[in-house]
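The values are calculated or read from the model by the stated rules, or taken from the named source; none is laboratory data. Because the structure is predicted, anything quoted here is derived from the model rather than measured. All Cβ positions, glycine included, derive from the backbone under ideal geometry; neighbour counts span all protein chains shown. To get the accessible areas, we keep the full protein, side chains included, count just its heavy atoms, and leave off ligands, DNA and RNA. Shrake-Rupley method; radii C 1.70, N 1.55, O 1.52, S 1.80 Å.
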Amino acid sequence: MKKNSIAILIILSLVIIDQIVKIWIKTTMSLGELSPVLGNWFNLYFVENEGMAFGISFGKNIGKLLLSLVRVGVAGFIIYYLFSLIKKQLASWIVVVTLSAIIAGALGNIIDSLFYGMIWGYAPFLYGHVVDMFYFTLFRIPDWSPIWGGQYFFPAIFNVADACTTVGIFAIIIWNKKFFIQKKEENKIEENILTE
């Protein structure tokens, strides 16, 4: 299969999985409900996030609108960037898989922000909340520790889309030479075209 087909398949598969899990959580659990899955360390905890990662929000309605528009813009740019790299034959498989995962993560949360408020009748278009559910209480951080003392590690509640984005970002950090090499090769090709 061609790289653009693989990218589309990865993006669609991850977005569908993300949305199935979110809709299942939203239709079978009550907001704020905690349900243990594996002992005390892995739970499903249904919360809705109005803002960015870790529940950060700013500016109420205007902030939420700007956040939704920024998410759409950033996702659009990454989609354009990935498929332009593929078209120029500059995207390795690592780049294709990594950027596809990040795009899927962005789109999964964008769907919530754009449509969930309208679908469930609590907010207009662009003002929906992101559904989060995975909560790992691996161990308790000592009380004397700054910032997160007394909380469980990992304190964030997240979803499939968040996991896709996070894994994608870590992959970029781990295989950063692959990404920067692609950029150098792209610059060389552009220089060759300009000099011809």
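Would you mind finding the one in 94, 119 that is open to solvent by 40 Å² or more (accessible area, probe 1.4 Å) and more than 27 Å from residue 5 (Cα to Cα)? Show your work before the answer.
Numbers: 94 fails: more than 27 Å from residue 5 (Cα to Cα).
From the options 94, 119, the qualifying one is 119.
Against the test of being at pLDDT 85 or above, surrounded by 13 or more Cβ atoms within 10 Å (Cβ to Cβ) and either part of a strand (DSSP E or B) or β-branched (Val, Ile, Thr) (or both), the options 127, 135 yield a single qualifying residue, 135. Contact map, the range 115-142: residues that are over 24 Å from residue 17 (Cβ atoms) and in contact (Cβ under 8 Å) with a residue 12 or more places away in the chain paired with residues that are open to solvent by 50 Å² or more (accessible area, probe 1.4 Å) and part of a strand (DSSP E or B), Cβ distance under 9 Å, separation 6+ or inter-chain. Pairs shown: 139/152; 139/153; 140/152; 140/153; 141/152; 141/153. Scan the range 68-98 for residues that are in contact with a Gly (Cβ under 7 Å, 6 or more places away or on another chain) and either aliphatic (A, V, I, L, M) or part of a loop (DSSP other than H, G, I, E, B) (or both) and the total you get is 0. You will find that of 68, 100, 92, 84, the residue that is without any contact (Cβ under 8 Å) to a residue 24 or more places away in the chain and farther than 21 Å from residue 32 by Cα is 84 and no other. If you go through the range 124-151 and keep only what is among the polar types (S, T, N, Q) and over 24 Å from residue 30 (Cα atoms), you end up with just 145. You will find that of 94, 79, the residue that is closer than 30 Å to residue 123 by Cβ and β-branched (Val, Ile, Thr) is 79 and no other.
What tally of residues in the range 28-42 results from selecting those that are at positive phi and either free of Cβ contacts under 8 Å to residues at least 12 places away in the same chain or open to solvent by 70 Å² or more (accessible area, probe 1.4 Å) (or both)?
Just the residues of the range 28-42 that are at positive phi, to begin with: 32, 39.
Checking which are either free of Cβ contacts under 8 Å to residues at least 12 places away in the same chain or open to solvent by 70 Å² or more (accessible area, probe 1.4 Å) (or both) leaves us with 39.
Qualifying residue count for the region: 1.
Could you check how many residues of the range 60-83 are within 17 Å of residue 8 (Cβ to Cβ) and either more than 21 Å from the chain's Cα centre (by Cα) or of a type outside the set (Gly, Ala, Ser) (or both)?
The first filter runs over the range 60-83 and keeps only residues within 17 Å of residue 8 (Cβ to Cβ), leaving 75-76, 78-83.
Now narrow it down to the ones that are either more than 21 Å from the chain's Cα centre (by Cα) or of a type outside the set (Gly, Ala, Ser) (or both): 78-83.
So the answer is 6.
Of everything in the range 14-27 that's without any contact (Cβ under 8 Å) to a residue 40 or more places away in the chain and farther than 14 Å from residue 111 by Cα, which residue is farthest from the chain's Cα centre (by Cα)? Filtering the range 14-27 for residues that are without any contact (Cβ under 8 Å) to a residue 40 or more places away in the chain and farther than 14 Å from residue 111 by Cα, the one farthest from the chain's Cα centre (by Cα) comes out as 27. Evaluation of residue 111 against the conditions (1) open to solvent by 40 Å² or more (accessible area, probe 1.4 Å); (2) over 16 Å from the mean Cα position of the chain (by Cα) shows that the sole unmet condition is (2). Let me spell it out: the conditions are (1) open to solvent by 60 Å² or more (accessible area, probe 1.4 Å); (2) of a type outside the set (A, V, I, L, M, F, W, C); (3) touching a Phe, Trp or Tyr at 6+ places or on another chain (Cβ under 8 Å), and residue 64 meets all of them except one. Which number is the exception? That leaves (1) as the condition not met.
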